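The values are calculated or read from the model by the stated rules, or taken from the named source; none is laboratory data. Remember, it's a predicted structure, so these values are computed and weren't measured experimentally. Cβ coordinates were reconstructed from backbone atoms using ideal geometry, including for glycine residues, and neighbour counts include every protein chain displayed.
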Amino acid sequence: MAGTKMIRRLAAAAVGAALTPSAAFGGEKPEAEALWEAMARCAGLEDASSRHACADAALISAGILTTAELSVQRKQEFGLEEPEKKAKAAAPDEAPAITAAEIVEDPDEISVVLAQVDLSRTKRVTVTTAEGAVWKQVGGDAIRPAPEPGQTMVIKKAALGGFKCKIGKWSIFRCKRQF
């Protein structure tokens, strides 16, 4: 996670520099040309997560993508396992950047509404959120009282890449994102 945040910060630092008009180029460039050059720099990055962060930063700087849209996407992706990444930071001259205020960080916790609740034969809970994410209980005893659709569940990042789900005031259990 720390590597991903560092990559985003480095990409953010470089987008502003790439999209800022330079005296060396004789003043201002048309926005489309500047965006295209920023995207071309992003395409040259080897690491997929660096390339993605760079492209997001360039699109935000151009006003095509908003940080609100990025926040919604991050919430929908919360808890999904990512393929193993090489923490390879992009150098400022390779990637465009945005200002620090525009960086959208990955959340450490989210709050969701339960759409469906299923209990296994072993009384373990599998819940589906209103957004369609499926979370499964991976540890602990049966949850009492049993959760119901419409309740709010808070999901927090836990140690060693795991997650803790909390339904109601007292029901806390280890959980894993399924879909």
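In table form, for the structure just shown:
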item	result
Filter result for Ile155 (surrounded by 16 or more Cβ atoms within 10 Å (Cβ to Cβ), on the phi < 0 side of the Ramachandran plot and over 28 Å from the mean Cα position of the chain (by Cα))	no
Pairs, first under 20 Å from Cys42 (Cα atoms) in the range 56-77, second of a type in the set (Ser, Thr, Tyr), C-beta under 8 Å, six or more apart	Ile60/Thr66; Ile60/Thr67
Out of Ala146, Ala90, Ala97, sole residue that is at pLDDT 85 or above, hydrophobic (A, V, I, L, M, F, W, C) and either in a loop (DSSP other than H, G, I, E, B) or within 22 Å of the chain's Cα centre (by Cα) (or both)	Ala146
Spans of helices (runs of 4 or more DSSP H) in the range 1-67 with at least 2 residues modelled with pLDDT under 85 and within 28 Å of Phe78 (Cβ to Cβ)	2-19, 48-61
